[in-house]
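Heads up: the structure comes next, in structure tokens.
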Amino acid sequence: MSEREQNCRTRLWANVIDAVRNKTWGYVDVKDLIECIAKALVDKPEAVVVREIEGEQTAVIELEVAKEDIGKIIGKQGRTARAIRTILSAASTKIRKRSVLEIIE
């Protein structure tokens, strides 16, 4: 397991432990989720930037990666991007909020 994967796992487990301790089970930090997925896919994880713009019922997640990694995030015929959006949608349902992923070039 690479150091990048280990850091991602550690951060996700820390969120789970905090949720159990604070009795906020079901809370999902979608920004961290998208960041971990993106960093696992790209060659330059240090260039991954995730911003969250929150509204009342909708959150826009902006994902920015290095120019040479944009194809890895989008995938063939947009399959990888669609899969990331599906995961985001499932996680957002848990917190009863709609989330939209925008991939910024």
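The values are calculated or read from the model by the stated rules, or taken from the named source; none is laboratory data. Predicted, not measured: the structure shown is a model, and the values here were computed from it. Note that we place each Cβ from the backbone using ideal geometry, even for glycine, and neighbour counts take in every protein chain shown.
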Taking segment 66-105 and keeping residues surrounded by 14 or more Cβ atoms within 10 Å (Cβ to Cβ), within 15 Å of the chain's Cα centre (by Cα), closer than 15 Å to Leu41 by Cβ and of a type outside the set (Val, Ile, Thr) leaves Lys72, Ala81, Arg85, Leu88, Leu101
So how many residues does segment 38-85 have that are closer than 28 Å to Arg96 by Cβ and among the small types (Gly, Ala, Ser)?
7
If you go through segment 47-87, how many residues are at pLDDT 90 or above, of a type outside the set (D, E, K, R), at negative phi and not in a strand (DSSP E or B)?
13
So in segment 55-105, with the set limited to residues that are of a type in the set (Asp, Glu) and touching a strand residue (DSSP E or B) at 6+ places or on another chain (Cβ under 7 Å), which one is nearest to Asp32 (Cα to Cα)?
Glu62
Return yes or no: is Asp43 surrounded by fewer than 12 Cβ atoms within 10 Å (Cβ to Cβ) and touching a residue at least 12 places away in the same chain (Cβ under 8 Å)?
yes
